[in-house]
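The values are calculated or read from the model by the stated rules, or taken from the named source; none is laboratory data. Quick caveat, the model's predicted, so the values are computed rather than measured. When we count neighbours, we look across all protein chains shown, and the Cβ atoms used for this are built from the backbone with ideal geometry, even at glycine. Side chains are part of the model used for accessible areas, which takes the heavy atoms of the whole protein and leaves out ligands, DNA and RNA. Shrake-Rupley method; radii C 1.70, N 1.55, O 1.52, S 1.80 Å.
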Amino acid sequence: MHEFIANLPVFREAIGQTFYIVLISVVAGGVLGLAIGLVLYATRPGNLMANRPVYVVANILVNVVRPIPFVIFLTAIQPLMLHTIGTTIGTNAVTFALSLSAAFAVSRIVEQNLLTVSPGVIEAARAAGARPVSIIVTVLIPEALGPIVLGYTFIFVAVVDMSAQAGLFGGGGLGDFAITYGSQRYNWPIVYITVATIIVIVQAGQFLGNWLARRALRR
């Protein structure tokens, strides 16, 4: 335990790095994923902006990228990271990769939840003369907001998990701390404390997400 106390400043820094990675990845990936999900929904045959070629391309892209394990995805996009942010290691590189990975996961969650909205609500908006973009913003998203928030909560938990895996690539954060100061030195108390910290972060995020979803469903 005395070694953990000696490394307490590093531990605090690791927590800060984890929050940095997770929050930016969830926000950036959430915005990009929302856009892709809206495209998937709107361009689906028979929907508001039906466009089969666009839908097929977007659908294939999501289906190809989404199932790739994050560690492999992180390795595969290293040329893109090098070209875009100038490095393949470190906190910024991991954040970039996590944002992209989260975006493709979010896109499918958004599309699936929008598909649960009653067609009658959409038809009523159409009959009232609302344009497709207006229907999406004022009808579809508000109607599906509760389930979408729960979906984003799931993504938050997944991103925390993936940020820990990024420690294998020197990405910083709690995963890197657990590996460098814990397992590599056979210091298991540090590993267990780090695991407990990650669990607390996940539970706090889950609680907040559930609360926001309940608020959205009760509106």
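Miscellaneous remarks
- Residue within region 28-43 that is among the polar types (S, T, N, Q) and either open to solvent by less than 50 Å² (accessible area, probe 1.4 Å) or touching a residue at least 24 places away in the same chain (Cβ under 8 Å) (or both) present: yes
- For region 7-27, taking the residues that are in contact (Cβ under 8 Å) with a residue 60 or more places away in the chain, open to solvent by less than 50 Å² (accessible area, probe 1.4 Å) and more than 13 Å from G175 (Cβ to Cβ), the one that is farthest from the chain's Cα centre (by Cα) is identified as N7.
- All positions within region 65-80 that are within 18 Å of A28 (Cα to Cα) and surrounded by 14 or more Cβ atoms within 10 Å (Cβ to Cβ): V65, R66, F70, F73, L74, I77
- Residues in region 81-98 that are touching a Ser or Thr at 6+ places or on another chain (Cβ under 8 Å) and open to solvent by less than 20 Å² (accessible area, probe 1.4 Å): M81, A93, V94, T95, L98.
- Looking at region 104-211, the helices (runs of 4 or more DSSP H) lying wholly inside it that each contain 3 or more residues that are modelled with pLDDT under 90 and crowded, with 17+ Cβ neighbours inside 10 Å sit at 145-165, 173-177.
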